[in-house]
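Just below is one structure, and these are the notes that go with it.
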Amino acid sequence: MVSPTRRRVLASLGLSIAVSGCLGPSESDALELATPAERPDDDWTEPEWRPAEGSPSEDDVTSTTAVAGLEIPWDLAFAGDDAYLTERDGGVRRFDASALAEDADLGPGDGDVILEGSSLPDRAAPGEGGTLGIAVHPAYPDRPELFVYYTVDDGGIGNRVVSYDLESDTLETVLDGIPGATIHNGGRITFGPEGTLWVLTGDAEDPALTQDPGARAGAVLRVTADGDPVSEPVDWGDGGDARTYTLGHRNPQGIDFTPQGTPILAEHGPSARDEISILRAGGNYGWDIVRGGPDDPNYGSYDEYDDAMPPVVNTDPETTWGPSGLAFYDGRAIEPWENRILVCGLASNALVVVTLRLGSGNEDREDDGVRYDAAWLDDRFTATAHTLFEGEFGRLRHVESGPDGSLYLLTSNRDGRASGEFPSANDDRIIRLDPA
């Protein structure tokens, strides 16, 4: 592997160096890891939280189909007495949160369509695109506003975030100009602990865009509710977008926060190599120059690039999760899962429970999961993964924690990629997991 320093020297001499991956030699020579003009201080501190002891198990919960007969549900957000759901080929439905928590076998008609897909300007649904992420204003219901991430075609495919005022029935554009394609649209949005809106974008089938701080592609964006940069943005220099918090991502679709407010991200890898990362402001997560360890046959190694932020989990070239929605479960209702990361698997048809323990000295701990502790990974934690419900519900798109601590899984079996016994007659579903 050619080091970044040697790459620049050879490039200045006009010599061609190929980098393994999706780019050809001429393209990769021109692509380097972007860094901020001034890297923000790392505000990470040792967490006060600790994960539950022992190994998580399917026996810790009971599963109930709360809603059946949905059409490719994509995201779910709870707010007060309401629960808002997006369907990729449709719009936004509102369910009563208490009904989701108590009832079984509800249908789509038990929720009100409060925003039709056709009401979203320029909306399109090419490939993996459509109506994707949803978030609710932190001041809800005093500010009855929903935020929706969706794919547009206004002469070219892109993505857009809008706000929808439930009282005035008005739409306002919050963020536009997000690159889009038939795949790799990102799409998850959420409000973080400080009340800012976090937006995940994909590389839109153009990996080079992820190393452009002004492109809004393959990035985690952080904005106000009006779409403006936050008060202390990352300075990416000339041409950089102050909304860019991190970049170098391939297709991130899962984000949540620890009890101390640290963002944790899940993203799809290329032919396996799925990742879970702890985000740092101004971080570059490597795509598509870096994507593995020293033994990866196709991509650069994190330990060769000082400017690349290593993940806590990389599933290696042989293992695929297809990670989408992610939740850091800090509820106490399901005690054995407390302070663990829950990751929905599309390709794996499973829920992956990831446990983070401080440092790498956990060799003697009794744990039957898959351990991620290679020297080139983020050494602040040792990660252990347990795969639950494999093949039981099919493709899992998102997991969301409800107000009472129950968990809600969204299946994605009618998106054209299910296999075997799926889709079943009652797909797609919202599945509630309650403590056993």
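The values are calculated or read from the model by the stated rules, or taken from the named source; none is laboratory data. Nothing here was measured: the structure is a model prediction, and the numbers come from that model. Glycine gets a Cβ as well: all are built from the backbone with ideal geometry, and neighbour counts include every protein chain shown. These accessible areas exclude ligands, DNA and RNA; they are computed on the full protein's heavy atoms, side chains included. Shrake-Rupley method; radii C 1.70, N 1.55, O 1.52, S 1.80 Å.
Listed values, structure above:
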quantity: Considering residues of the stretch 256-278 that are free of Cβ contacts under 8 Å to residues at least 60 places away in the same chain and in a loop (DSSP other than H, G, I, E, B) only, the residue surrounded by the most Cβ atoms within 10 Å (Cβ to Cβ); calculated: ASP274
quantity: Criterion: crowded, with 20+ Cβ neighbours inside 10 Å, basic (Lys, Arg) and in contact with a Ser or Thr (Cβ under 9 Å, 6 or more places away or on another chain) - qualifying residue of ARG395, ARG357, ARG371; calculated: ARG395
quantity: Residue within the stretch 375-385 that is modelled with pLDDT of 95 or more, at positive phi and either open to solvent by 50 Å² or more (accessible area, probe 1.4 Å) or part of a strand (DSSP E or B) (or both) present; calculated: no
quantity: Hits in the stretch 197-212 (condition: open to solvent by 20 Å² or more (accessible area, probe 1.4 Å) and either of a type in the set (Asp, Glu) or in a loop (DSSP other than H, G, I, E, B) (or both)); calculated: GLU205, ASP206, ASP212
quantity: Qualifying residues in the stretch 86-101 (those that are open to solvent by 30 Å² or more (accessible area, probe 1.4 Å) and in a strand (DSSP E or B)) - the one nearest to ASP427 (Cα to Cα); calculated: ARG93
quantity: Answer from GLU46, GLU38, GLU27, GLU32 - the residue that is assigned to a helix (DSSP H, G or I) and either at pLDDT below 95 or closer than 28 Å to GLY239 by Cβ (or both); calculated: GLU27
quantity: Test: residue in the stretch 336-348 that is open to solvent by 10 Å² or more (accessible area, probe 1.4 Å), under 22 Å from ASP59 (Cα atoms) and basic (Lys, Arg); calculated: no
quantity: Hey, ALA83 modelled with pLDDT of 95 or more, among the hydrophobic types (A, V, I, L, M, F, W, C), farther than 26 Å from ARG273 by Cβ and outside any loop (DSSP other than H, G, I, E, B) or not; calculated: yes
quantity: Counted residues, the stretch 279-316 - those being under 19 Å from GLY345 (Cα atoms) and surrounded by fewer than 24 Cβ atoms within 10 Å (Cβ to Cβ); calculated: 3
quantity: Count - residues of the stretch 401-433 that are more than 21 Å from GLY80 (Cβ to Cβ) and of a type outside the set (Lys, Arg); calculated: 19
quantity: Filter result (in a strand (DSSP E or B), open to solvent by 10 Å² or more (accessible area, probe 1.4 Å) and either of a type in the set (Ser, Thr, Tyr) or over 16 Å from PRO435 (Cβ atoms) (or both)) within the stretch 50-76; calculated: THR62, SER63, THR64, THR65
quantity: Any hit, the stretch 134-150, residues being open to solvent by 50 Å² or more (accessible area, probe 1.4 Å) and part of a strand (DSSP E or B); calculated: no
quantity: Residue that is most open to solvent (accessible area, probe 1.4 Å) [pool: residues in the stretch 170-190 that are assigned to a loop (DSSP other than H, G, I, E, B) and on the phi > 0 side of the Ramachandran plot]; calculated: HIS184
quantity: Among residues of the stretch 396-436, those that are over 18 Å from the mean Cα position of the chain (by Cα) and of a type in the set (A, V, I, L, M, F, W, C), counted; calculated: 7
quantity: Of all residues making up the stretch 111-125, the number that are open to solvent by 30 Å² or more (accessible area, probe 1.4 Å) and in a loop (DSSP other than H, G, I, E, B); calculated: 4
quantity: Hits in the stretch 152-169 - residues which are of a type in the set (Val, Ile, Thr) and open to solvent by 60 Å² or more (accessible area, probe 1.4 Å); calculated: ILE157
quantity: Residue list for the stretch 317-335, filter: at pLDDT 95 or above and either in contact with a Phe, Trp or Tyr (Cβ under 9 Å, 6 or more places away or on another chain) or open to solvent by less than 20 Å² (accessible area, probe 1.4 Å) (or both); calculated: PRO317, TRP321, GLY322, PRO323, SER324, GLY325, LEU326, ALA327, PHE328, TYR329, ASP330, ILE334
